[in-house]
Structure formats: C-alpha cells, structure tokens
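The structure under discussion appears below in the form of structure tokens.
The values are calculated or read from the model by the stated rules, or taken from the named source; none is laboratory data. Values in this document were obtained by computation on a predicted structure and should not be read as measured data. Quick reminder, even Gly has a Cβ in these numbers, built from the backbone with ideal geometry, and neighbours come from all protein chains shown. Heavy atoms of the whole protein, side chains included, go into the accessibility calculation; ligands, DNA and RNA do not. Shrake-Rupley method; radii C 1.70, N 1.55, O 1.52, S 1.80 Å.
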Amino acid sequence: MPKSKRAKIVSLTKVAKKTKEHKSALIQEVQENADKWQYCWLFEVGNMRNAHLKTVRKLWKDTARIFFGRGAVMAKALGTTPEEEHRPGLHKLASQIKGQVGLFFTDSPPQEVIDWFADFQQPDFARTGNRASRTVVIPSGPVMQQHSVPPEPFPHNEEPQLRRLGLRTRMERGVPTLDVPHTVCQKGKTLSPEQTQLLKLVGIKMVKFRVGLRARWDAATGEVEQIEGQEIVEEEEDAEDADEADEQMSE
C-alpha cells in the first residue's frame, strides 16, 4: 500500500534561515537611520529579556529607532573601515560591535539619554546559570507566595511541585508547610534549574534588566565618544541587603 502524503513528518524545530535579501534590507534600514538621526549610540544589555527591550522600544517609539542583534550585519551597515563607512566616523562605532549589543538612533540630547537609561531598570526572575545576588531562606511554617500583597500560602495542589523542587513539606490544614527552614540559594553561587524555578514560584526576582551605553557617534562632527560609568557589571546586593547575612521571607 502506498504511503499517504498526509503522513509526511514535518519538523517543528526548523527555522527558516535569513536570506541575503533579509540582510540587505537590514543594512539599508540601518543606513537610512544613520542618515536620519543626529546621534547613534552603541548599547549593551544586562540580563536580556525580550519583553523589557520591547518596553524600551515602546517608550522611545516616537523619538528613536533601535536595532538589536545580528552584530555582523549592523557593523557591515555602518562600515568597518574608513573606506567602507556609511558616514564619517561610523567605522569607529562599528569596530566596537561585539557580544549582546545594539544601536540606538535618536535626536534627543545626550545627557537626557544617559540619565534615562541610568534610571531604567526592570527586575526579573533569575535564569539557570545566573549567580545568586543574595541568600534566600524560606522559614519554617506555611510556604508563602511573595507575588501577592500581603503574601499568601501556596494552595494544596502545588505541594507535589514544591517537593519536586527540594522542599520537604507536609500538609497542615490543606497548606504546604515546612517544619524547618529551607535554604533556596546562597549568595554568589550559580543557580540550578530547580533553584530558579523555586525562586520564580515563590516570587523572588533576583536580577535586573539594564541597558548600558558604551559609545555615541555624533553626525555633526563624525566623532565617537566613549561613555564612562554605564558598563553592565555583575549585580551586587542593595546596600540594605548587604547588612544582612540572608533574606528571610516574610511569614
């Protein structure tokens, strides 16, 4: 019996490769924006989250244009040598495009841009491989969810999940309960998949999405200025957290 065409297996993991036309279109778009705006900033991202980058795009949609990712294409669009650069001085910016960086085109005054990004931070949940910024201990008693204000105990149907993530809970009046405190993570140590999932379940955000400005190109002069003090560095605890040996979740 011949095989049915309907039985053909199609892999859902296949992703269409970007064609030469896609790359050419991106190069053209970057160059058009280099012609349009007065400043081009090179920025890096700490704890990248697409949702937060979309927020930045939305807040600046009327006064800026952002390109992120595909560094080799962005560098080619700007021009990596004085002979190839699209506009004078852009090759100095293109030579710094390495890692998780993007381009931010705008006419906004430089100090306004610096102040805005210095203030923009979005807390988020840690991922596997991040280092714990502090020690987190769940105290004995009902296991509480920190998502709500005030915190609420976990429902009974989530106890199996809590136990799979390492909590030695028991049910007391329908509430998952600990007889002894449980250390979720220790400051400075790499987080495992189970630890990050448990932190997310209880509602503890341990990292911050940040945008660090590296350099700025000025269309008027063709000069590229390095931005000091905006580098993305490994996060440290807040000053008030540093005074405590660990963080006890509120009961």
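Brief remarks follow.
- Looking across region 178-208, just one residue is touching a helix residue (DSSP H, G or I) at 6+ places or on another chain (Cβ under 9 Å), closer than 22 Å to VAL149 by Cβ and open to solvent by 70 Å² or more (accessible area, probe 1.4 Å), and that is LYS205.
- Any hit, region 154-161, residues being open to solvent by 50 Å² or more (accessible area, probe 1.4 Å) and either under 30 Å from VAL211 (Cβ atoms) or touching an Asp or Glu at 6+ places or on another chain (Cβ under 7 Å) (or both): no
- Region 10-39, residues that are modelled with pLDDT under 55 and either under 20 Å from LYS92 (Cα atoms) or open to solvent by 100 Å² or more (accessible area, probe 1.4 Å) (or both): VAL10, LEU12, THR13, LYS14, VAL15
- The set of residues from region 36-84 being small (Gly, Ala, Ser) and either out of contact with any helix residue (DSSP H, G or I) (no Cβ under 8 Å at 6 or more places or on another chain) or more than 21 Å from GLY99 (Cβ to Cβ) (or both) comprises GLY46, ALA51, ALA64, GLY69, GLY71, ALA72.
- The residues in region 117-144 that are within 24 Å of ILE66 (Cβ to Cβ) and among the polar types (S, T, N, Q) can be counted, and the count is 2.
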